[in-house]
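Here's the structure we're looking at; comments come further down.
The values are calculated or read from the model by the stated rules, or taken from the named source; none is laboratory data. Just so we're clear, the structure is a prediction, and the values are computed from it rather than from any experiment. Glycine gets a Cβ as well: all are built from the backbone with ideal geometry, and neighbour counts include every protein chain shown.
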Amino acid sequence: MSRQTARAGDPRKVNGELFTLTYGALVAQLLRDYEDDEEVNKQLEKMGYNIGVRLIEDFLARSNTSRCNDFRETSDIISRLGFKMYLGITPVISNWSPAGDEFSLLIENNPLSDFVELPEGHTALNYSNILCGVLKGALEMVQMDVDVWFVQDQLKGDNITEIRLKFIKRLDDAVPAGED
Amino acid sequence: MTIFDFYIFDRNGTCLCYAEWNRKKQSGISKDEEYKLMYGMLFSIKSFVNRISPTDIKDGFLNFKTSKYMLHFYETPSGLKLIMNTDLGAGSMRDVLHQIYSTIYVEYVVKNPLCELDKPILSELFKSKLDEFIRSLPVFASKVS
Amino acid sequence: MATVGKQSKTNNLDKSLAKGKPEVNVATFALLFSEIVQYCQNRVYTVPELQNKLAELGQHVGSHLLDVLFVREKGYKREIKLLNMLLFIKGNFWRTLFGKDADKLEQANDDDKTYYIIEKEPVVNKFISVPKDKGSLNCAAFTAGILEAVLNGTNFPAKVTVHWHKGTTFMIKFDESVIIRDKMVEGK
């Protein structure tokens, strides 16, 4: 009985299952609405992008970070602060490219895909593709153009879930109309 | 002490929000024109300030002062720009602008699915929260006679 | 309660339900939910249609939540009495999902089938300021969907709808059979 009263509510948190299942409901809806997995992946990425551009504002408002000096600093902030703050996990950063413009985030317990089993016949579906969009959208807002994609996914039987990020270029501030 | 007016620009130079309280004189040009001039000036000041800085600076341009008013500037790493004009007694408004960003803009615009981030803010909730917040500031309390 | 150690090699579905999941930042949830609202909005024409869509998604969540929740919170014991079930919803259930009890539970004066759960500021509405042209939209229809699925799944068939009243009011209209059964249970 003690368990039932043990939960003290923190208004800044919501129940993890509610979150996971809400995401599951969304993916299920998309699978009904679209014909093929690629379309669903695209839609998830698009939604993730929209979330990313908003999430970054919340992140900046709370974390008081300034613009990163290099991509390594970025990777550290993404994993140690970003993922920690919003999903409660800290992915391991690894597999840096020699040029330092690419790295992987290794995730062991992806909160999006708890209790999930990929439905039959959806081998091309990247269930958690929304994360790619979130990362892309968030980084774009802080002037970084990156490519983000899934390399491995535990849902597909891989040992680990791996997301890869590639730095493309730095984006500039918009020049006001009429100036050169 | 008092607060005259307040602007938010997004990174594309769109004026998302404008509000005024004790502004007694208008610029005599259309609001759109005024926004454009404001954004253009900020853009130029920013790049100029950074260019002539004798050392690497982190925050860059913070404010300027005339004999009658002070313009306060706060920019987030995501390129959102918040501007406030006050009278000369107001002191630094940096924390206030950060607070507007983190507790009002982020909470009531960013997290409101019905607000588009690159369009002027229509949310009544946001406007009323902003107004309430500004009016509650000690700086706001004493009106110009 | 036994905690389960690291189990990265085990199948996803074998994870213990009893453990409970770490909580997630409310911003993460709010933004995901807001994308869902927008996605649904682009596929329907009217506010009632949008609310139906949200309720459907809520039902999906509710029906899955049942398994997870009841195993953990109630230790497999099923609630049979209507009042106990309602109190469970208002208390434990709400607390688990939203970190607090629902603000109020009321029964309709003129109808023994109808109950109200009142929540001043539901999490899903917290960040949503509804534009004037969509005046009646209440995104807590999603929560209503969850509730409905949970009630149906525990053998208390009901319709749950949302209304803007004292904040948000969830109107629960139980099936006649529930009331009859409950009278029998009470009568024993």
Looking only at the range B:6-21, decide whether some residue is surrounded by 11 or more Cβ atoms within 10 Å (Cβ to Cβ) and farther than 20 Å from B:Y105 by Cβ. no
For the range A:66-124, the count of residues that are more than 14 Å from chain C (Cβ to nearest Cβ) and within 21 Å of C:V24 (Cβ to Cβ) equals 5
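Residue by residue, here is whether (1) over 24 Å from B:E75 (Cα atoms); (2) surrounded by fewer than 19 Cβ atoms within 10 Å (Cβ to Cβ); (3) of a type in the set (A, V, I, L, M) holds:
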{"residue": "A:N64", "(1), (2), (3)": "no, yes, no"}
{"residue": "A:R67", "(1), (2), (3)": "no, yes, no"}
{"residue": "A:E73", "(1), (2), (3)": "no, yes, no"}
{"residue": "A:D76", "(1), (2), (3)": "no, yes, no"}
{"residue": "A:L87", "(1), (2), (3)": "yes, no, yes"}
{"residue": "A:S97", "(1), (2), (3)": "yes, yes, no"}
{"residue": "A:D101", "(1), (2), (3)": "yes, yes, no"}
{"residue": "A:I107", "(1), (2), (3)": "yes, no, yes"}
{"residue": "A:N110", "(1), (2), (3)": "yes, no, no"}
Would you check which residues across the range B:70-98 are buried (at least 21 other Cβ atoms within 10 Å of the Cβ) and of a type in the set (D, E, K, R) and list them? B:E75, B:K81
Could you tell me which of the residues A:G88, A:G137 is over 30 Å from B:K58 (Cβ atoms) and within 13 Å of the chain's Cα centre (by Cα)? A:G88
Among the residues of the range C:38-61, write down those that are more than 8 Å from chain A (Cβ to nearest Cβ), among the β-branched types (V, I, T) and in a helix (DSSP H, G or I). C:V47
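Could you list, in sequence order, the residues of the range A:120-143 that are closer than 30 Å to B:L117 by Cβ, out of contact with any Cys (no Cβ under 8 Å at 6 or more places or on another chain) and not in a helix (DSSP H, G or I)? Lay out the reasoning, then the answer.
Filtering the range A:120-143 down to residues closer than 30 Å to B:L117 by Cβ leaves A:125-143.
Next, from what is left, pick out any that are out of contact with any Cys (no Cβ under 8 Å at 6 or more places or on another chain): A:125, A:127-141, A:143.
Matches in the range A:120-143: A:L125, A:Y127, A:S128, A:N129, A:Q143.
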For A:Y127: the one exception among (1) of a type outside the set (G, A, S); (2) surrounded by fewer than 21 Cβ atoms within 10 Å (Cβ to Cβ); (3) within 13 Å of another protein chain (Cβ to nearest Cβ); (4) in contact (Cβ under 8 Å) with a residue 40 or more places away in the chain: (2)
Only one of (1) within 7 Å of chain A (Cβ to nearest Cβ); (2) at pLDDT 90 or above does not apply to C:L82, and that is (1)
For the list (1) free of Cβ contacts under 8 Å to residues at least 24 places away in the same chain; (2) under 23 Å from C:L32 (Cβ atoms), I need the number of the one condition that A:F115 fails. (1)
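Does B:E116 meet the test of being more than 7 Å from every other protein chain (Cβ to nearest Cβ) and either touching a Gly at 6+ places or on another chain (Cβ under 7 Å) or at pLDDT 90 or above (or both)? Explain how you work it out, then say what you get.
Values: more than 7 Å from every other protein chain (Cβ to nearest Cβ): yes; either touching a Gly at 6+ places or on another chain (Cβ under 7 Å) or at pLDDT 90 or above (or both): no.
Answer is no for this residue.
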Looking at the range A:17-55, which of its residues are surrounded by fewer than 24 Cβ atoms within 10 Å (Cβ to Cβ), within 16 Å of the chain's Cα centre (by Cα), more than 19 Å from C:N42 (Cβ to Cβ) and not β-branched (V, I, T)? A:G24
Can B:D118 be described as within 26 Å of C:V37 (Cβ to Cβ), touching a residue at least 60 places away in the same chain (Cβ under 8 Å) and surrounded by fewer than 21 Cβ atoms within 10 Å (Cβ to Cβ)? yes
